[in-house]
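Working notes, beginning with the structure itself.
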Amino acid sequence: MSAQRQSGRMPAGLVGPLRPSGSEAVWRAFGELDAQRLHSESGIPQPIQHRDVEAWCRTMRVPLHPAEIVAVLALDGERRAVEAERLAANCPGDADLEDDDP
């Protein structure tokens, strides 16, 4: 990790399980697609589409097995869920606006 190489310490928030052997292409595809994704005006990340994965595979000349594509899209779903929770925690009052009676 870059932060660890630069500081000589592993940042506490980055400690996690090791990636499974053979998953490098999935993580590379997800990381690059995640970095290029669009966001709504409110900052919500838009989903990675099958066409995005297909274009990445074609451009990078990296064939992904259908199960690997499913894994990329599952990682995307988890990433968006975490981001939605983070955004909701930063705007707790907005979530209750529809439930308020006049």
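Some observations on this one:
- Spin-label zone in the range 22-57 - amide nitrogen under 20 Å from a point set 7 Å from the Cα of VAL70 along the C-beta vector: 22-31, 48-55, 57
- Couplings 3J(HN,Hα) of the range 21-30, computed from phi: 4, x, 9, 4, 5, 5, 5, 5, 4, 4 Hz, in residue order, whole Hz [Karplus 6.51 cos²θ - 1.76 cosθ + 1.60, θ = phi - 60°; x for Gly and Pro].
- Listed values for the range 49-61 are Karplus-derived 3J(HN,Hα) couplings in whole Hz (6.51 cos²θ - 1.76 cosθ + 1.60, θ = phi - 60°), namely 9, 3, 5, 5, 5, 4, 5, 4, 4, 5, 5, 8, 6, and x replaces Gly and Pro.
- Legend: residues ASP34, ASP52, sorted from most to least accessible area (1.4 Å probe; ligands, DNA and RNA excluded), read ASP52, ASP34.
- Across the range 38-46, coupling constants 3J(HN,Hα) worked out from phi with the 6.51/-1.76/1.60 Karplus curve, θ = phi - 60°, read 8, 10, 5, 4, 8, x, 6, x, 7 Hz, and Gly and Pro carry x.
The values are calculated or read from the model by the stated rules, or taken from the named source; none is laboratory data. Treat the numbers as computed from the prediction; the structure is a model and nothing was measured. Glycine gets a Cβ as well: all are built from the backbone with ideal geometry, and neighbour counts include every protein chain shown. Heads up: the accessible areas ignore ligands, DNA and RNA and are worked out on the full protein's heavy atoms, side chains in. Shrake-Rupley method; radii C 1.70, N 1.55, O 1.52, S 1.80 Å.
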